[in-house]
Amino acid sequence: MATDYSKNAVERPEPFKAEVKGSIPTWLQGILLRNGPGIFSVGDTSYNHWFDGMAIMHSFAFKDGEMTHRSRFLRSDTYKANMEANRIIVSEMGTMAYPDPSKNFIVKAITFLNHTVPDFTDNGASNFMKYGNDYYATSETNYIRKIDPVTLETQDKVDYMKYLAVNLASSHPHYDKEGNAYNIGTSIAEKGKTKYILFKVPAVSEKDKGKNFPALKNVEVVCTVPCRSLLTPSYYHSFGMTDNYFIFIEQPFKLDIVKMATAYMRGVNWASCLKFCPEENTLIHLIDRKTGKEVETKFYTGAMVVYHHVNAFEDNGHVIFDVIAYNDNSLYDMFYLSKLRENSGFHDEGYSKPSYRRFAIPIHSDKGIAIGEDLVKLKYTTASAVKEKEGKLMVQAEVLLEGFELPRINYDFNSKRHRFVYGNCVEESALAKQIAKFDTETKEMVCWTEDNCWPSEPVFVPRPNGESEDDGVVLVSVINSNPGQPCFMLILDGRTFKEVARAYVNTELHKDVHGFFIPQGN
């Protein structure tokens, strides 16, 4: 039984108490938010791409061994405009929206201008993030939408451009123990320069407590990295962070700005302006968090496409970072709705399998080292960094695992050496039938799967004062396509990966993208 990925979701804003089988640990107190596309057609118009769908947010609230579920569409300006017009009138990355043929010339001219200098959507259907004390639904445009994490009501629209010159920003920030958030954005052709900006959104200070303005108001630029090609900045979805460094991968998967400006006129979508250049190397930037300066050495590796960083840490004069990497950019094409309908996403001929890769970068200078010598001196990885010439190192990853995506770790181990990673097994297609716990030391993997069940990205929640890295639970929302059976939230023991409980929600769940757990009292 396959699921229909283009079917419009139905929201259920009223809290519903789930029926629990097994027992939810009483220490699990808090809310798991999950986000993803939920509306794929409006009136007679439809989106072409799954990522374009209008956001539906799900909340799974855990308290005293019980779970309550609710869902709500994000009331973005995009949602309101489309619903009011009863057709899709706001363009998304994979779907260009054209005005109603009956509309007059003025409307058409304004629409055209809006697409030459794209005023992007505020349809935040990718993830949630926390800036200060506020939670936001986010995609990768300059707009984020504040939400109430309890009721899922949509609140203020916040434009990065008011505080920072970024047209695009990642939806995977990092957080430190003090509650500061770090993120990266792209500034397109500002004062004739295209650059990447790493920025910090500070935690709310004592003097600002209780004041009602976005934490972005206090944003600090940590560092700017010039783009290696002015009109074709690299696409990225996440970045890495250790105690002392940021890792930014400038990959040969690029956004062609000139093509984007003319896409509407040419009758093509913005996604067609993304190009992969397999003949080019990938440039790895290592940035000192304290000074905001780039490490002088240039680190290169072969062409690859990375969406998700797993984790990064420092060890014995090296920065080690783990990513999920592809050999090409075909993943995006897998999610065109026509493609998903065609083969339900399975056994896809063109599917490029992701691999879990570990890179090791020596921080110390390569002066006095012979050309051709490997500078990596760690016993536990075969990753290498070979000197090509003064100031230039070619790095090669160790492949730890094939066919693994949507990686999550115990975030308390972010920036530290981790051992366990939870994720989706995507051996044959981009759609997962099973989830797994992977041990990076023993290379062993334990899986959970059930017939006709489609699990989401797994989210690890550590037990308060837990005794080990994997002491906690893994939360997975599961689409159940067995006839007459409800969808459920699956709760697995983080150590054994055995089921401890499932909570039936008695409503349809949908394939989603990312989740965010908010512990109670946070």
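The values are calculated or read from the model by the stated rules, or taken from the named source; none is laboratory data. What you see is a predicted model; the values in this text were computed from it and never measured. A quick note on method: Cβ atoms are made from the backbone with ideal geometry, for glycine too, and the neighbour counts reach across all protein chains shown. Note: accessible area is taken over every heavy atom of the protein model, side chains too, but ligands, DNA and RNA are not part of it. Shrake-Rupley method; radii C 1.70, N 1.55, O 1.52, S 1.80 Å.
The helix-based estimate of mean residue ellipticity at 222 nm for the chain, built from -39,500 (n - 2.57) per DSSP H run of four or more residues and divided by its residue count, is -2000 deg cm²/dmol to the nearest 500. Largest accessible area first, the residues Glu19, Glu294 order themselves as Glu19, Glu294 under a 1.4 Å probe with ligands, DNA and RNA left out. Rolling a 1.4 Å probe over the protein chains gives Ile188 an accessible area of about 40 Å².
Once backbone amide H atoms are built at 1.01 Å from N, Val310 has Asp322, Val323, Ile324 as its partners under 5 Å, excluding neighbours fewer than 5 places away on the same chain.
Ordering Ala169, Val20, Gly192 by Cα displacement along the dipole of the range 12-519 toward the positive end leaves Gly192 in first place; charges were set at the Cβ atoms of Lys, Arg (+1) and Asp, Glu (-1).
Remark: spin-label model distance Gln434-Ser229 equals 4.0 nm, labels positioned 7 Å along the Cα→Cβ axis. Centre-to-centre, using Cα atoms only, the range 296-317 and the range 219-263 are separated by 14 Å.
In terms of the Cα gyration tensor, with a ≥ b ≥ c the square roots of its eigenvalues, is the range 150-199 rounded because a/c is under 1.5, prolate because a/b exceeds b/c, or oblate?
Details: a/c = 2.89, a/b = 1.49, b/c = 1.95.
In terms of gyration-tensor shape, oblate.
Using θ = phi - 60° in the Karplus curve 6.51 cos²θ - 1.76 cosθ + 1.60, the 3J(HN,Hα) couplings for the range 463-470 round to 6, x, 6, x, 8, 8, 4, 9 Hz; x is entered for Gly and Pro. Rounded to the nearest 10 square angstrom, Phe497 shows an accessible area of 10 square angstrom against a 1.4 Å probe.
How big is the charge dipole of the chain about its Cα centre, in debye rounded to the nearest 20, if each Lys and Arg gets +1 on its Cβ and each Asp and Glu gets -1 on its Cβ? Please report the intermediate quantities before stating the final value.
Details: 59 positive and 67 negative charges, 233 e Å.
Dipole size: approximately 1120 debye.
By its C-alpha gyration tensor, with a ≥ b ≥ c as the square roots of the eigenvalues, how is the range 428-479 shaped: rounded for a/c under 1.5, else prolate for a/b larger than b/c, else oblate?
On the way: a/c = 2.91, a/b = 1.53, b/c = 1.90.
The shape class here is oblate.
Amide H contacts under 5 Å for Phe73: Met57, restricted to partners 5 or more places along the chain or on a different chain, H placed in the peptide plane at 1.01 Å from N.
Within the P(r) computed for the chain, what percentage of the Cα pairs occupies the region above 31 Å? Before the final figure, lay out each step's value.
Working: 61717 of 135981 pairs.
The answer is 45 percent, as a whole percent.
When nucleic acids and ligands are ignored and a 1.4 Å probe is applied, Ser415 ends up with an accessible area of around 10 Å².
Heavy-atom accessible area with a 1.4 Å probe sorts Lys392, Lys259, Lys379, largest first, into Lys379, Lys259, Lys392.
Once both labels are positioned 7 Å from their Cα atoms along Cα-to-Cβ, the gap between Cys447 and Lys17 label points is 3.8 nm. The mean sequence distance of close C-alpha pairs (under 8 Å, at least 6 residues apart), as a share of the length of the chain, puts its relative contact order at 13 percent.
May I ask you to derive the FRET efficiency for Glu342 and Asp208 from their Cβ-Cβ distance with R0 = 45 Å, giving the value to the nearest 0.05?
On the way: r = 52 Å, r/R0 = 1.15.
Efficiency, rounded to the nearest 0.05: 0.30.
I need the helices of the chain that pass two filters: whole DSSP H segments spanning 27 Å or more by Cα along the axis, and mean Kyte-Doolittle score no lower than -1.0.
Helices passing the filter in the chain: none found.
Heavy-atom accessible area, probed at 1.4 angstrom with all protein chains present, ranks Arg408, Arg341 as Arg341, Arg408, highest first. By definition, a body whose alpha carbon gyration tensor gives a ≥ b ≥ c is oblate when a/c is 1.5 or more and a/b is not larger than b/c, and the range 154-291 fits this oblate description.
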